[in-house]
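The values are calculated or read from the model by the stated rules, or taken from the named source; none is laboratory data. Since we're looking at a predicted model, the values are computed, not measured. Virtual Cβ from ideal backbone geometry, glycine too; neighbours counted across all protein chains shown.
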């Protein structure tokens with residue numbers, strides 16, 4: 001077994017802190033939808049366990065930010081608003097993009113499914129009148145477990161894999177990506 005991945009910068013966060021962060025994120029999303037009336041991408045990082053901030057989740061979100069901005073530029077989609085937060089409950093970002101929500105969701109699914117770090121990103125697309133757009137609603141398959149490839153919801157609900165195994169898998173994915181990028 002490989003050595004555990006060190007991810008911590010701050011302390012462990014409680015369930016109450018995570019729930020409060022989720023409420024604040026929902027409020028920011030509602031405000032952005034009301035102000036801009038265009039779809040938004042809410043970005044978070046897949047980081048199991050009580051420590052949500054550290055070099056690893058920050059590295060993963062930084063790459064997601066770069067890829068989303070590159071994708072929008074390449075497709076000619078104006079970014080109307082960008083907010084990035086580096087918090088102890090985990091890094092997150094909110095982008096408002098001037099494009100139809102279905103196109104935006106399809107493009108973010110493409111990033112999640114095809115970028116080497118994409119499985120570590122949670123790129124939610126939310127439209128003003130439609131709410132969150134799901135993968136299944138657009139005909140895409142559910143996300144797969146990082147460790148075994150089974151549906152992620154099944155493994156997550158049953159806690160199929162130990163916390164350390166998940167963190168080691170995430171660390172390996174990022175390390176392999178960084179090695180490929182450096183060469």
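The table that follows gives values for the structure above.
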item: Conditions (1) in a loop (DSSP other than H, G, I, E, B); (2) out of contact with any helix residue (DSSP H, G or I) (no Cβ under 8 Å at 6 or more places or on another chain); number of the one not met by residue 148; result: (2)
item: Test set (1) in a helix (DSSP H, G or I); (2) at pLDDT below 95; (3) out of contact with any helix residue (DSSP H, G or I) (no Cβ under 8 Å at 6 or more places or on another chain) - residue 61 fails condition number; result: (2)
item: Leading residue by the ranking (surrounded by the fewest Cβ atoms within 10 Å (Cβ to Cβ)) among those in the stretch 166-175 that are at pLDDT 90 or above and closer than 17 Å to residue 144 by Cβ; result: 172
item: Condition broken by residue 140, with the remaining ones in (1) surrounded by 14 or more Cβ atoms within 10 Å (Cβ to Cβ); (2) within 14 Å of the chain's Cα centre (by Cα); (3) more than 23 Å from residue 26 (Cβ to Cβ) satisfied; result: (2)
item: Test for residue 76: is it over 28 Å from residue 24 (Cα atoms), surrounded by fewer than 19 Cβ atoms within 10 Å (Cβ to Cβ) and either at pLDDT below 85 or over 14 Å from the mean Cα position of the chain (by Cα) (or both); result: yes
item: Condition broken by residue 29, with the remaining ones in (1) exposed (fewer than 13 other Cβ atoms within 10 Å of the Cβ); (2) assigned to a helix (DSSP H, G or I) satisfied; result: (1)
item: Where residue 98 falls short, out of the listed (1) under 21 Å from residue 28 (Cβ atoms); (2) touching a helix residue (DSSP H, G or I) at 6+ places or on another chain (Cβ under 9 Å); (3) without any contact (Cβ under 8 Å) to a residue 24 or more places away in the chain; result: (3)
item: Residue in the stretch 108-131 that is nearest to residue 47 (Cα to Cα), counting only those that are surrounded by 13 or more Cβ atoms within 10 Å (Cβ to Cβ) and more than 14 Å from the chain's Cα centre (by Cα); result: 127
